[in-house]
């Protein structure tokens, strides 16, 4: 059998200065909403406390307010910049939540509170934080859904753009995470199965992201055990861990949206806290020092900072298809990037 291969290199057009300004305005708008109204909803009861469901009386009421605020802010950001990038509303929400977390205290406040109750309660705290991480992941998924709904309501003809460069940019803006939601993506948004990431590939991508992210975060945190917890320190560790993990996952199992990377971020948080709950404790540590470095990060920071990094890496790694597909595309082969960061697809006949 003879074999022939064809490959195409596609350069995604850069955003213009005006486009970048519009995107930054949408993120600044979401940040301003969360730092004002959002802070009133999420402010801990203790002025020195951390932003967490565990530090706020009436946690259910707080969660309802946050979800409503997420819907409004995600819609506004998507209306402003939804034509430019996929899930720009989700990114804006992640930035807003991360900004609110910086106004509160670090994880030290939680560690000290639970140490005052009993030295052995750090393990129970880790389990609670794992559950809280799931709640914040649901909040992010609300932003994912709202962003997709607004895109379909306001920019339903984005796929009809003319010109290859415009078509590529419009295709990237249409690569929404909600489109990859199993069952929901097809029924709610009319996305066909061949336009979605295969479920098996998505799960593999999420698992790889989680595994690599945990490993990188563990390595980066290994020298911090004797240092006080700082917001900048924890945000950097999560950002670097998720970025490296997403890069590895995209190279091994490419996907069509940021959904699976976001779910991988959720796995990172849950597994990290569960590991902290079963890990043998270290004696002689002060109350504000966790026995596991995974406890140095708040759940809202794991999810918000990790989601922002995951969406940004999707923008960097993914190049949409536009125009006539190559043989590889027609065969259904996923997009991959060459060592230079350019998209290439190869197929055989």
Open item on the list: List pairs: first residue in segment 106-118 and modelled with pLDDT under 75, second residue assigned to a loop (DSSP other than H, G, I, E, B) and surrounded by fewer than 17 Cβ atoms within 10 Å (Cβ to Cβ) anywhere in the structure, Cβ distance under 6 angstrom, at least six positions apart or on different chains.
Closed with: 115/287
Open item on the list: Suppose we filter segment 244-262 for residues that are crowded, with 23+ Cβ neighbours inside 10 Å and touching a residue at least 40 places away in the same chain (Cβ under 8 Å); how many remain?
Closed with: 11
Open item on the list: Please verify whether residue 76 is over 19 Å from residue 90 (Cβ atoms), in contact (Cβ under 8 Å) with a residue 12 or more places away in the chain and part of a helix (DSSP H, G or I), treating the condition exactly as stated.
Closed with: no
Task: Residues satisfying the stated conditions in segment 26-45, i.e. in contact (Cβ under 8 Å) with a residue 40 or more places away in the chain, surrounded by fewer than 18 Cβ atoms within 10 Å (Cβ to Cβ) and closer than 24 Å to residue 107 by Cα - done: 35, 39, 43
- [ ] Looking only at segment 177-218, count how many residues are in a helix (DSSP H, G or I) and surrounded by 21 or more Cβ atoms within 10 Å (Cβ to Cβ).
- [x] 14
Open item on the list: Suppose we keep only residues that are touching a helix residue (DSSP H, G or I) at 6+ places or on another chain (Cβ under 7 Å) and part of a helix (DSSP H, G or I) within segment 219-229. Which one would you say is modelled with the lowest pLDDT?
Closed with: 221
Open item on the list: Exactly one of these conditions fails for residue 83: (1) part of a loop (DSSP other than H, G, I, E, B); (2) within 17 Å of residue 144 (Cα to Cα); (3) at pLDDT 90 or above. Give me its number.
Closed with: (3)
- [ ] May I ask you to say which residue of 236, 314 is under 18 Å from the mean Cα position of the chain (by Cα), over 28 Å from residue 181 (Cβ atoms), in a helix (DSSP H, G or I) and modelled with pLDDT of 90 or more?
- [x] 236
TODO: Go through 278, 229 for me and flag whichever is crowded, with 22+ Cβ neighbours inside 10 Å and more than 19 Å from the chain's Cα centre (by Cα).
DONE: 229
Open item on the list: Quick test for you: out of 241, 232, pick the one residue that is without any contact (Cβ under 8 Å) to a residue 12 or more places away in the chain and in contact with a helix residue (DSSP H, G or I) (Cβ under 9 Å, 6 or more places away or on another chain).
Closed with: 232
TODO: Scan 100, 66, 80 and give me the residue that is touching a helix residue (DSSP H, G or I) at 6+ places or on another chain (Cβ under 9 Å) and closer than 24 Å to residue 155 by Cα.
DONE: 80
Open item on the list: If I filter segment 148-171 for residues that are at pLDDT 85 or above, within 30 Å of residue 276 (Cβ to Cβ), part of a helix (DSSP H, G or I) and touching a helix residue (DSSP H, G or I) at 6+ places or on another chain (Cβ under 8 Å), do I get at least one hit?
Closed with: no
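The values are calculated or read from the model by the stated rules, or taken from the named source; none is laboratory data. What you see is a predicted model; the values in this text were computed from it and never measured. Neighbour counts run over all protein chains shown; Cβ positions are idealised from the backbone, glycine included.
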